[in-house]
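One structure is given here, and the rest of the page talks about it.
Each value in this text was obtained by applying a stated rule to the coordinates, not by laboratory testing. Remember, predicted model here, so these are calculated numbers, not experimental data. Cβ sites come from the backbone with ideal geometry, for glycine too, and all protein chains shown count toward neighbours.
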Amino acid sequence: MKYWTGILCLLIACVKPTLKEVNLIPKPQKIEIKDGAFSLNFNTNLIFDSLFHQEANYLKELLNLKLNGKNNTIELLKKEGLQEEEFFLNITKETLKLEASTPTGIMRGVQTLRQLLPTKTNVVTIKISCVSIHDYPRFSWRGMLLDCCRHFMEKEFVMRYIDLLAYHKMNILHWHLTEDQGWRIEIDKYPKLTEIGAWRTEKDGSNYGGFYTKEDIKEVLDYAKKRHVTIVPEIEFPGHSVAAIASYPYLSCTGDSINVGTEWGVYKDIYCAGNDSVFTFMEDVLMEVMELFPSKYIHIGGDEAPKYRWEHCEKCQKRIKEENLHDAHELQSYFITRIEKLLNKNGRKLIGWDEILEGGLAPSATVQSWRGEEGGITAAKSGHDAIMSPTSHCYFDYDLDATDLKEVYYYEPIPVELTKDEAKHILGGECNMWSERAPQELVDNKVFPRILAMCEVLWSDLEKDYDDFYSRVQKHYPKLDFLGVNYGFESVPIKSKVVFNNNIFTVSLIKGSPNMKLEYSINNEPWKKYVSPFSIDSTSNLKVKGFKNKNPYGEFEQELIKHKATGKKIHYTIPYDKSYQGNGDRNLTDGLLGSTENFRDGYYQGFSGTDMEVIIDLDKITTFSTIQTTFFQYYLSWIILPASISYYISEDGENFEEIKSIINKTPIMQEGKFKHSFLFEKENIKAQYLKVIAKTIGKLPEEHPAAGSDAWLFVDEIIIN
Ligand code: ACM
Ligand code: ZN
């Protein structure tokens, strides 16, 4: 009986493909699967409306067939009254009919067809399942930012990404072309921008860089146009401009010679807003940019421009007075508004990061919201368009512990705060691929598979169903393999949940992907298969290895520290910052340490611009002899050790006695990422309560690239023994 049922299923499967076989990402708005298949081969003909001749050529090249046979036809036809990107694709045994009102609509349909093709190349006849699809995008702005400045990316690589975007129905490449660490676009009037600004001397003395000639850019633009992908160039003002200032020092407030940046972060040297020649430069550069790029929108950056230089510059202060501006924030608004006037005069529109809201938004600017959703909300509520790319969901340069596939899939670009009318100002969203930690060869690993979720968020207007999406992603991998995409993990492959109770740690291991198997070893003892949570009763080293289909799939290592305050209650006199909560109210006594490499690993707690002041309750009078509080420092991320730390003890929780104050001696600008412990040792300390006050340095000092900004304190554990 079983045998016959099996054959029957097989027969049905042959005749009628299941939805799973028609595997599309993003998911179409409407799809109906029919019986049978269209046979594409040397006997297939192609007919098309003359409006679509370029798309027809694209399709011919793609299929590598003559397409002038007699048996069956592919038709690219004009259908009146559809939206720009809307199309109907109707595949029967006899015809493959694609209809749209515009060439862009046809191209979106051609990409659907491309996803329906098998990934094998050695077949004579390609069978395409009979389906009927009606598709159109939810949002008109479906973008990806590619930072080709921190790491230069070859033009062929950029074109490959344009093709990958088109394949997934993304329609905007936001091309980040100027930065502190490299100017990447040739400008005829200012040749030093690429002679000097495109190159940096790395710490090892090597020369790193590259730039795109105007011919390169035209080639990339042609490639994008053919695929109906718009390239929006980003030319940064007034910050992130060190490479330009290194080329032409007169553009800065000080006029001093500086080098093209080699460190990641934010620099205080920005274009001077009091110097008219800066505006001449800005106009000249943007005129050449507009000559090259046909895009309606030009992105002018506007983010992370520290006001330190402007506040200390006579010319900038004079401008503030003359223009009746209130402060340096209004000076930034003045700067951006001048750029906007130039763009508008030339029929273009300005986009800037959400900092352009500070000091007043330029009249018709579009805001790209990145520091959360607030920028987008404020813009939409004041009648401005917005593009959503909050760090919480859209920063694909961040590790998977910050944003994984599922989190991106559940991202909703329209903030709940907006009314229906206000929501119309949300043009769509973008995922951002900043490249500080991603030279070209690592970009695939960070972008894929997360971009599969993003393209579906921005295109499909259907109820979310993660299981369905996840199963389509699994079937999509062979297509990515076929396209040579070196995709990464879907989520952190292995995580742990550690609870300290009754004097023992209970460790649960969490698999980042179903079908994974885990093995673990405590203190280098023999490896065991993980089946259920296990206990650890003393300070230990835990190692875990993951496997998927018997292949290695991720590793994990953790130190568990058992000490006299482990699991004890903490009272926060000053709250920790919401963006870096670590393990919440138990973070400082959870027995878990943060790593040196990744300060976003979830074990650190952050305080921005404030001191840390906490009281630990040890439940009863306890005797101990060491107190050790560990902080992290990485000055380029504005994370600085405390200026000093003081320890106080109490028996009643009210009357505290200071037992030690330690002054920090590590320089604020010490190179690299590192941890530092503030240790106090004394025999027989007796107390129930320990108060720890760590004083922030406050503002970053003059010599820091982001002078004047708030410093962060990052702390992971207070160990008492
Ligand atoms: C940004 O990430 N600085 C826009
Ligand atoms: Zn100035």
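Quick look at the numbers
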item	result
Loop GluC sites (Glu not before Pro), the stretch 444-525 (other Cβ atoms within 10 Å of the site Cβ: 13 or fewer; DSSP)	463
Top positive-direction residue, dipole computed over the chain with Cβ charges, set 655, 177, 145	145
Relative exposure of 241, 513, 625, 535, judged by other C-beta atoms within 10 Å (fewest first)	535, 625, 513, 241
Computed magnitude of the charge dipole of the stretch 518-571 (debye, nearest 20; Cβ of K, R +1, Cβ of D, E -1)	180
Cross-link pairs 318/345; 93/446; 497/660; 545/675 - those with Cα-Cα distance over 30 Å	93/446; 497/660
Unit charges on C-beta of K, R, D, E only; dipole of the chain, Debye	2720
Loop-located GluC sites (Glu not before Pro) in the stretch 47-109 whose Cβ has at most 10 other Cβ within 10 Å (DSSP)	80
Beta bridge orientation in the chain: antiparallel %, DSSP, nearest 5	70
Cross-link table 321/381; 155/226; 568/686, entries beyond 26 Å C-alpha to C-alpha	321/381
Sparsely packed GluC sites (Glu not before Pro) within the stretch 130-209, loop by DSSP, other Cβ within 10 Å at most 15	154, 202
Tensor-based shape of the stretch 322-366 (alpha-carbon gyration tensor, a/c under 1.5 rounded, otherwise prolate or oblate)	oblate
The stretch 15-149 shape via C-alpha gyration tensor axes, a/c threshold 1.5	rounded
Alpha carbon convex hull of the chain, volume per residue in cubic angstrom	202
For the stretch 638-649, Karplus couplings with θ = phi - 60° (6.51, -1.76, 1.60), whole Hz, Gly/Pro x	6, 9, 10, 4, x, 5, 7, 9, 10, 10, 10, 10
Integer Hz, Karplus 6.51/-1.76/1.60 couplings in order for the stretch 465-481, x for Gly and Pro	8, 5, 4, 5, 4, 4, 6, 5, 4, 4, 6, 7, 3, x, 5, 5, 4
